[in-house]
1. Listed residues ASN301, ASN241; which is at pLDDT below 95 and either farther than 28 Å from LEU150 by Cβ or not assigned by TED's automatic domain parsing to the domain that holds PHE207 (or both)?
2. Return the total of residues in the range 361-404 being within 17 Å of VAL467 (Cα to Cα) and exposed (fewer than 15 other Cβ atoms within 10 Å of the Cβ).
3. Yes or no: the range 477-484 includes at least one residue that is closer than 13 Å to ILE366 by Cα, of a type in the set (A, V, I, L, M) and in the same structural domain as PRO414 (by TED's automatic domain parsing).
4. Given the condition β-branched (Val, Ile, Thr) and under 23 Å from VAL115 (Cβ atoms), answer yes or no: does some residue in the range 391-398 qualify?
5. Does any residue of the range 362-384 turn out to be of a type in the set (A, V, I, L, M), farther than 30 Å from SER159 by Cα and modelled with pLDDT under 90?
6. Quick check on the range 423-430. Is at least one of its residues within 24 Å of PRO362 (Cβ to Cβ), touching a residue at least 24 places away in the same chain (Cβ under 8 Å) and not assigned by TED's automatic domain parsing to the domain that holds ALA156?
7. Only one residue in ALA206, ALA197, ALA224, ALA220 is modelled with pLDDT of 90 or more, in a strand (DSSP E or B), outside the structural domain of ASP84 (by TED's automatic domain parsing) and farther than 19 Å from ILE282 by Cβ. Which one?
8. Name every residue in the range 257-278 that is in a loop (DSSP other than H, G, I, E, B) and either within 26 Å of the chain's Cα centre (by Cα) or surrounded by 18 or more Cβ atoms within 10 Å (Cβ to Cβ) (or both), in order of residue number.
Amino acid sequence: MHDLGFEHLHMSPEEQSELAEAIWEQDNVELTTVGVDVGSSTSHLMFSKVHLQRLMEGLSSRFVVVNREVIWRSPILLTPYRSDYTIDADELSRFFNNAYSEAKLKPDDIDTGAVILTGEALKRNNARAIADLFADKSGKFVCASAGHHLESLMAANGSGAVALSRKENFTVLNIDVGGGTVKLALCEKGKLTATSAFAVGGRLIAFDGASNMVRIEGPAEQVAKDLGIRLEIGKTLSVENRKKIVTRMVEVVIAYANREADNDPLCEELRLTEHLPKETEINAITFSGGVSEFIYGREENDRGDLGKSLAHEIRHALGHKKIDKKVYDPGAGIRATVVGASQFTVQVSGNTIFISNPKMLPVRNIPVAYLACDVTGDFKRQDVSKAIAQAIERLDMTDGETELAVAFRWGGDPLHSRLYELATGICDGLPKTVSNANIPLIIVMDGDAGRTLGNILTKELNVKGEVISVDNVQLNDFDFIDIGEQMETTQVVPLIIKSLLFSQPGRQV
């Protein structure tokens, strides 16, 4: 039965194993990742192993995460501040270097990672330098400073609230109570539809061992002024006045959660973004952030601030149905915005791309602004420019100040009139970027029109800077993209897409 009538070879068991491994490696990627979170109250990091697998449908070149394993979590460090309104970079550096050592990892072992600054830490004079300090350890790091909308988005996804809303097919309000701000996020059936933020937090006032106030942030002074209380560094805060301040802060939280903040003048004073819409019915609430550890009973130790008292008062309010919704524990708590590890998807953009200057490649860690408008059918340039404005506001970015990639779904006939309308909408939506010769205009779409769109932008609309227009790529909000050097033989460019790994749905409490 085995006589084939021609010469043939048999592979040894070792060769068969090597072939199987080679085939597996083509469709599977394993990465070691790190996430660093420097927040208002605390700083910490996490190492993970991520397993990615190539999608099988349609000979796809896209990889998706199929498993994540947390391999080491750091202790929680109170973010070190100096008296000159800066973060203590030396202490943070020692903390993170010790974390690598205790995890038995070196920076060279890390394939990718992210460092995020949030809340009051983001306001410090050397905040960007702190981010760069860690990002410089590896060119593979994503480095981002999270504004209020982006922080709300991270907390809702990172806590598991978005996944919970998808699992239960209802609307969840995630309330992330941090050291300097509260971030709200409406999660409707697996989609984040609105975010909001206001300046209430557990570490707006901090105390030393003798109960003297050693840190007083501006929003705490606003709350105290509303109550007729005077706060002064080095002085004590009476038990009665502390109770009044915490109770007033929780009244603000309740007003925002019930979407009644416009009835309270203090809510308006502490408002950082627009309010949540009132039309959507909320079915459940979740909590994340450092204060949530006290709310859910996972933490009991006083941190020398208002966090524990704030959580106790929130629990009291929930017990008295002042926020009359079911409460779920999504599980992530203080680590919701740690970003965990970066998730990679690897793609290739082919022969219909447009690169005005190949020498500018590679570009790395470009944040993605995904357009929530349909350009697969009939659309107007105003639809595109409006969607761009909404996207960059959602990501707390500013036109003309930083590089970003505009991403969208493209479909329908590749008529010049349609692509010209699209290109004009892009230029109208990013006027400072297209007039700045030092910032590239980066366009990413999933359809086959990258080259034509690039030609219209450069030759007909006279975009001043370089233009990168790549197609057949799938992106989402909150991704970051690397675009590699163009390959000489095929003229394609490799892309690495980094998004965030988030937790799974939690339990009702």
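1. From the options ASN301, ASN241, the qualifying one is ASN301.
2. Number of matching residues: 4.
3. yes
4. There is at least one residue in the range 391-398 that is β-branched (Val, Ile, Thr) and under 23 Å from VAL115 (Cβ atoms).
5. Within the range 362-384 (the criterion being of a type in the set (A, V, I, L, M), farther than 30 Å from SER159 by Cα and modelled with pLDDT under 90), the answer is yes, since at least one residue qualifies.
6. Yes.
7. Only one candidate passes the filter, namely ALA206.
8. Correct list: ASN258, ARG259, LEU272, THR273, GLU274, HIS275, LEU276, PRO277, LYS278.
The values are calculated or read from the model by the stated rules, or taken from the named source; none is laboratory data. Values in this document were obtained by computation on a predicted structure and should not be read as measured data. Ideal geometry is used to build each Cβ from the backbone, glycine not excepted, and the neighbour counts take in all protein chains shown.
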